[in-house]
Amino acid sequence: MLSWEEVVQLSYDLAEQIRGKKVNPDAVVGIHPSGYAPAHLVARELGIPSGLVLSSRAFRPSKDVNDVILINDRTDELSYFLAEPKLHAAGITRVQRAVLVSSEREPSGFYAAKQRGRIIFPWDEKSPFHDKYRQQIPSLTRTLIQHA
């Protein structure tokens, strides 16, 4: 089971990897709901304004957004499969995948860590943090960003 502190560190590691590849996205999109907090942390570390951190559910980009990083907490092809067409339909020309923890042997896109097997994140139902997270998603994300 991952703690919030580990999520913050993995998010920073992911941002460092993106920066190291000299990628400069216009926006960071978190696959709702599990990619939302990591997307905020990655964007903050990359210097992307928080107004350009968006949920894949409510993605309405400005005309200046062409290149995005699509973030999820774990490897989940179905989530990417559902989110990517929305981004392309909104006029995004380049979507790059990023994941905090990849379960693939050869991950595609950016990833902070690789691990086989089940990983429990703080927002998962089996986590002791789950109920509190669901009640406080906006304030918890804000708190994470302020104290990171």
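Tell me, yes or no, whether the stretch 17-34 has at least one residue that is within 16 Å of F110 (Cβ to Cβ), modelled with pLDDT of 85 or more, of a type in the set (A, V, I, L, M, F, W, C) and not in a strand (DSSP E or B). Yes, the stretch 17-34 has at least one match.
The rows are residues; the columns are (1) surrounded by fewer than 13 Cβ atoms within 10 Å (Cβ to Cβ); (2) touching a helix residue (DSSP H, G or I) at 6+ places or on another chain (Cβ under 6 Å); (3) of a type outside the set (D, E, K, R); (4) modelled with pLDDT of 85 or more.
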residue	(1), (2), (3), (4)
A83	no, yes, yes, no
L100	no, yes, yes, yes
E106	yes, no, no, no
F121	no, no, yes, no
P128	yes, no, yes, no
D131	yes, no, no, no
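Taking the conditions exactly as written (surrounded by 12 or more Cβ atoms within 10 Å (Cβ to Cβ), modelled with pLDDT under 80 and under 17 Å from V28 (Cβ atoms)), does L70 satisfy them or not? Taking the combined requirement at face value, the residue does not satisfy it.
The values are calculated or read from the model by the stated rules, or taken from the named source; none is laboratory data. Computed from a predicted structure; not experimentally measured. Because the Cβ atoms are built from the backbone with ideal geometry, glycine has one as well, and the counts that use them run over all protein chains shown.
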